[in-house]
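The values are calculated or read from the model by the stated rules, or taken from the named source; none is laboratory data. Note that the coordinates shown come from a computational prediction; the quantities given were computed from them, not determined experimentally. Cβ: placed from backbone, ideal geometry, glycine included. Neighbour counts: every protein chain shown.
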Amino acid sequence: MRANPSRPAGMAGKLCVVLLFLLALLGAGPALAQTAAASALAAESEYQLIGEYDLARLDKILGADLQDFLSSSPVRDEYKKNDVFPPALYPVKLYKVRYASVVPELGNRPTIASGLVAVPQSGAMTMPVVSYQHGTVFSKDDVPSRPERSSETRIMIARFAAQGYVVICADYFGRGDSDLPDSYLVKESTQQATFDMLQAAKSVLGRLGVAPGQLFISGWSQGGWATMAFLQKLESLKVSVVAAAVASGPVDVALTLNRWVNNPQPVDAVYLPASVTLLAHAYANYHGVPGFTEFAIRPQYVQAAHDLYAGRIDFTAFYAKTTPSLTDFTTPEFRAMVASASGAFGASLQADQVYRWRLVTPLRTWYGGADEVTPEWIGRLPAQVQKLVGGADTQAFDAGSNADHRGVFLRAVRDQKPWFDSLLTK
């Protein structure tokens, strides 16, 4: 890794100045703070070239590497052939980005976040942009700004950037370079992190001599939920989005969690207790509810939960110390609260839904019959709601009865590209 020579060594100090500037504006309210943040980001963000994928590397990502990604998936054999995805057209340069932002749930507290900008070396002056929102990770470093530690990010780079799209990805607050606790499924912070990453990416692209073209957004799993939250933010600010795509997105967190803890099924992923760990801790940290984790998780597993969230242990160690059963992992009181959608936590879950407004952006969602994380009927909700309210064209696609969580992602990635291509302005 090397620092980009166009950025002075004092950039970290300049980011601190930006943060102080934002802090001075907090009394004016969230709307003005949002505008100030966007303006500051347009002028100041830090980036560095961290690597480049050549054509051979990109083809391997969508070739032999997929067998590792799908090692336990029922759809693995579908991707053994080398003709599922087309060959890479362009090498891709990878830039890590650090940018200033604010944390809405913490009174617009200034912070610094990170992400990735992947730029195809096509020679084009204007390029379409795909903002990709990543799925659940249990390590601070398994994020887009560390692409060698993020299989899904590499797949998106090989599928889109290698074909001429700029791919941008936020790490989210609490991941990557962020010094905050993980903001897992915290709605306003997720919206802020993704929106400010978009502003930072535009600034970086401008300094690289690339004009950002039409904007598309996409996400998988947690990132599918984040994509919908981001879309809601963009539409509220009248930012044009050509199309949005969601794979296995838990768009209704309350319903998804209720199914997980109160109606467990044999298909359920063994890492759902780890996901609930992140959710409970994030709620406690970002909504100011100390002791909530102890309320939600049985006493014998609380320390392991604290250690996973703090990054003191990895998922393998957490799994060895806990149980794959959410019934055994969570307290009866927590499950009852989720079932009745009661209390402040229930209200927060309801507010975290990301599909009930009337869309203006075309949307496609994907779900699978063997998905161990997001129930298939959750994947169909946006299309049903948009038909009800007369919103933008929204279609739900079945990735297959044997499509597990990763299988849904790959089917969506395969199908999104030609759809996005068909919407490009010539």
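The table for this structure:
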item: Residue in the stretch 240-252 that is β-branched (Val, Ile, Thr) and assigned to a helix (DSSP H, G or I) present; result: no
item: Residue match in the stretch 323-343 (condition: in contact with an Asp or Glu (Cβ under 9 Å, 6 or more places away or on another chain) and among the aliphatic types (A, V, I, L, M)); result: yes
item: Counted residues, the stretch 78-94 - those being more than 18 Å from ASP65 (Cα to Cα) and of a type outside the set (Lys, Arg); result: 3
item: Condition check for ASP421: in a helix (DSSP H, G or I), exposed (fewer than 14 other Cβ atoms within 10 Å of the Cβ) and either hydrophobic (A, V, I, L, M, F, W, C) or modelled with pLDDT of 95 or more (or both); result: yes
item: Qualifying residues in the stretch 404-426 (those that are small (Gly, Ala, Ser) and under 22 Å from the mean Cα position of the chain (by Cα)) - the one farthest from TYR132 (Cα to Cα); result: GLY407
item: One residue from GLY219, GLY223 being within 17 Å of THR136 (Cα to Cα), in the same structural domain as ALA383 (by TED's automatic domain parsing), assigned to a helix (DSSP H, G or I) and in contact (Cβ under 8 Å) with a residue 60 or more places away in the chain; result: GLY223
item: Count of the stretch 182-212 residues which are more than 17 Å from the chain's Cα centre (by Cα), under 18 Å from LEU231 (Cβ atoms) and part of a helix (DSSP H, G or I); result: 1
item: Residue in the stretch 382-391 that is within 19 Å of the chain's Cα centre (by Cα) and in the same structural domain as VAL84 (by TED's automatic domain parsing) present; result: yes
item: Residue pairs meeting the criteria (Cβ under 9 Å; at least 6 apart or on separate chains; first on the phi > 0 side of the Ramachandran plot, in the stretch 51-79; second not hydrophobic (A, V, I, L, M, F, W, C)); result: GLY51/LYS93; GLY51/PRO147; GLY51/GLU148
item: Tabulated pairs, the stretch 262-282, first in contact (Cβ under 8 Å) with a residue 60 or more places away in the chain, second of a type in the set (Val, Ile, Thr), C-beta under 7 angstrom, 6+ apart or interchain; result: ASN262/VAL338; PRO264/THR327; ALA269/VAL373; SER275/THR136; HIS281/THR293; ALA282/VAL186
item: Those residues of the stretch 391-419 which are under 23 Å from LEU215 (Cα atoms) and without any contact (Cβ under 8 Å) to a residue 40 or more places away in the chain, in sequence order; result: GLY391, ALA392, ASP393, THR394, GLN395, ALA396, PHE397, PRO418
item: Neighbours by Cβ (under 9 Å, 6+ apart or cross-chain): first from the stretch 312-329, assigned by TED's automatic domain parsing to the domain that holds VAL276; second of a type in the set (S, T, N, Q) and not in a helix (DSSP H, G or I); result: ASP314/SER139; PHE315/SER139; ASP328/THR322; PHE329/THR322; PHE329/THR323
